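Here is the structure we will look at, set down as structure tokens.
The values are calculated or read from the model by the stated rules, or taken from the named source; none is laboratory data. Everything numeric here is computed off the predicted structure, so don't read it as measured data. Here the Cβ positions follow ideal geometry from the backbone for every residue, glycine too, while neighbour counts run over all protein chains shown.
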Amino acid sequence: MSAARVGVVTFPGTLDDQDAARAVRHAGGEAVPLWHADPDLKGVDAVFLPGGFSYGDYLRCGAISRFAPLMEELIPAARAGLPVLGTCNGFQILCEAHLLPGALMRNAGLHYICRDQGIRVENTATPWTSDFTEGQEIVLPIKHGEGRYVADEATLAALEANGQVVFRYAGGNPNGSLNDIAGIRNEAGNVVGLMPHPEHAVEDLTGAPSTDGRGFFTSILKKLVNT
Amino acid sequence: MARVIVDVMLKPEILDAQGQAIARALPRLGFSGVSSVRQGKRFEVEIEGPADEAALDEVRKMAETLLANTVIEDFTVTVADE
């Protein structure tokens, strides 16, 4: 059986695409580079939207990227069930694209934060989190200036009621996000966004705080191989 | 030619951390009597034809689509005085 193919998107200003591709390969998948200006998903089985500063974060983080030619293909595919994971800037892009509800705003303390962060896994019913257990605490790096998740009260209540809060900050909220939200999913569960960086936490050698990020990639590859 | 102004402001219920930081800095600079500051964005859109209702509708569409994120922001569209 050929390896599952996970697309990794590069926009101008994306930073983490190489780490994301490496993490996919580390877990045994094939990483397929996708280019923002090329409206072609190349038949991938899942898509990873990595972090960075796409389009220089001009206007709002993710606001310009959301209209990239590739996104015109990705948005309908995600609505039709294609598994998509967005981390950091990728999460911001998913919110701007309305694939996920709410928005990400400047950290409450205004500082850019780069540190190891405790994260509690709240929902394992997604193709990206099935290898975790509910309530499991993991450690991942965070590095962002605009990670404060906000949504109106009704949206927030619906997220909580439907189990769409996938990750919560543990041991302190770094950015003032509502309900300590670090990551969410769409109603169907195939689209997941989070501020922390699993792709930076898959190898001991690189000095990551943990290898807890591996679970994201093993989850998606199992899902793709089994379906 | 006409100039249309789009003002984008955070919705009142959204915490404006930047505005708060500005408000806290003002007393240190000797400006007193400021109870709050909200920070927003202003776009000046030059359009080729007159700023008639159809043109303004088009600018409102631009604002909804790109200039503002209506999840967190409100916008107003006005025609600039010549």
(Q) When you scan segment B:32-39, do you find a residue that is within 16 Å of A:ARG106 (Cα to Cα) and crowded, with 16+ Cβ neighbours inside 10 Å, even just one? (A) no
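Which of the residues belonging to segment A:117-131 are of a type in the set (Val, Ile, Thr) and either more than 14 Å from the chain's Cα centre (by Cα) or outside any loop (DSSP other than H, G, I, E, B) (or both)? Don't jump to the end; show me each part of the working.
Let us first name the residues in segment A:117-131 that are of a type in the set (Val, Ile, Thr), namely A:119, A:121, A:124, A:126, A:129.
The answer is A:ILE119, A:VAL121, A:THR124.
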Q. When both residues are 6+ apart or on different chains and their Cβ atoms are under 6 Å apart, which pairs have a first residue that lies in segment A:44-72 and is within 13 Å of chain B (Cβ to nearest Cβ), and a second that is β-branched (Val, Ile, Thr) and surrounded by fewer than 22 Cβ atoms within 10 Å (Cβ to Cβ)?
A. A:TYR55/A:ILE64; A:TYR58/A:ILE64
Q: Could you please let me know if A:ILE138 is among the β-branched types (Val, Ile, Thr) and under 23 Å from A:ALA97 (Cα atoms)?
A: no
Q) Within segment B:1-41, can you find the residues that are more than 13 Å from chain A (Cβ to nearest Cβ) and within 21 Å of B:THR70 (Cα to Cα)? A) B:VAL4, B:ILE5, B:ASP7, B:MET9, B:VAL37, B:ARG38
**Q.** Qualifying position, being assigned to a loop (DSSP other than H, G, I, E, B), more than 22 Å from B:GLY40 (Cβ to Cβ), modelled with pLDDT of 95 or more and charged (D, E, K, R), among A:ASP38, A:ASP19
**A.** A:ASP38
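Restricting to segment A:166-221, what's the tally of residues that are of a type in the set (Gly, Ala, Ser) and farther than 20 Å from A:PRO127 by Cβ? I'd like the intermediate steps shown before the answer.
So in segment A:166-221, the residues of a type in the set (Gly, Ala, Ser) come out as A:170-172, A:176-177, A:182-183, A:188-189, A:193, A:201, A:207-208, A:210, A:213, A:215, A:219.
If we keep only those that are farther than 20 Å from A:PRO127 by Cβ as well, we get A:170-172, A:176-177, A:207-208, A:210.
Total meeting the criteria: 8.
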Q. Going through segment A:76-114 one residue at a time, which ones are part of a helix (DSSP H, G or I) and not polar (S, T, N, Q)?
A. A:PRO76, A:ALA77, A:ALA78, A:ARG79, A:GLY90, A:PHE91, A:ILE93, A:LEU94, A:CYS95, A:GLU96
Q) Does B:GLU53 qualify as being more than 14 Å from chain A (Cβ to nearest Cβ) and without any contact (Cβ under 8 Å) to a residue 24 or more places away in the chain? A) yes
Q: Give the residues of segment B:46-71 that are surrounded by 12 or more Cβ atoms within 10 Å (Cβ to Cβ) and of a type in the set (A, V, I, L, M), sorted by residue number.
A: B:ILE47, B:ALA51, B:ALA55, B:LEU56, B:VAL59, B:MET62, B:ALA63, B:LEU66, B:LEU67, B:ALA68, B:VAL71
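Within segment A:204-216, can one find any residue that is in contact with a Gly (Cβ under 9 Å, 6 or more places away or on another chain) and either within 23 Å of A:ILE75 (Cα to Cα) or not in a strand (DSSP E or B) (or both)? Give the steps one after another, and end with the answer.
Applying the first criterion (in contact with a Gly (Cβ under 9 Å, 6 or more places away or on another chain)) to segment A:204-216 yields none.
Taking every residue of segment A:204-216 in turn, none turns out to be in contact with a Gly (Cβ under 9 Å, 6 or more places away or on another chain) and either within 23 Å of A:ILE75 (Cα to Cα) or not in a strand (DSSP E or B) (or both).
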Q. When the residues of segment A:104-125 are filtered to those that are without any contact (Cβ under 8 Å) to a residue 40 or more places away in the chain and of a type outside the set (A, V, I, L, M), which remaining residue is nearest to the other protein chains (Cβ to nearest Cβ)?
A. A:HIS111
Q | Residue that is farthest from the chain's Cα centre (by Cα) [pool: residues in segment B:58-77 that are assigned to a helix (DSSP H, G or I) and more than 9 Å from chain A (Cβ to nearest Cβ)] | A | B:GLU58
(Q) Please go through (1) closer than 30 Å to A:LEU156 by Cα; (2) outside any loop (DSSP other than H, G, I, E, B) for B:VAL45 and return the number of the only condition it doesn't satisfy. (A) (1)
Q: Filter segment A:108-128 down to residues that are of a type outside the set (Ser, Thr, Tyr), surrounded by 13 or more Cβ atoms within 10 Å (Cβ to Cβ) and in contact with a Lys or Arg (Cβ under 6 Å, 6 or more places away or on another chain) and give me whichever is nearest to A:TYR169 (Cα to Cα).
A: A:ARG120
Q. With (1) surrounded by fewer than 24 Cβ atoms within 10 Å (Cβ to Cβ); (2) closer than 16 Å to A:PRO198 by Cα as the list, and A:LEU85 as the residue in question, which single condition is left unmet?
A. (1)
(Q) Quick check on my filter: what residues within segment A:145-178 are of a type outside the set (Lys, Arg), outside any loop (DSSP other than H, G, I, E, B), buried (at least 21 other Cβ atoms within 10 Å of the Cβ) and within 14 Å of chain B (Cβ to nearest Cβ)? (A) A:TYR149, A:VAL150, A:LEU159
Q) Does A:ARG185 count as more than 14 Å from chain B (Cβ to nearest Cβ), farther than 26 Å from A:ALA63 by Cα and either β-branched (Val, Ile, Thr) or touching a strand residue (DSSP E or B) at 6+ places or on another chain (Cβ under 8 Å) (or both)? A) no
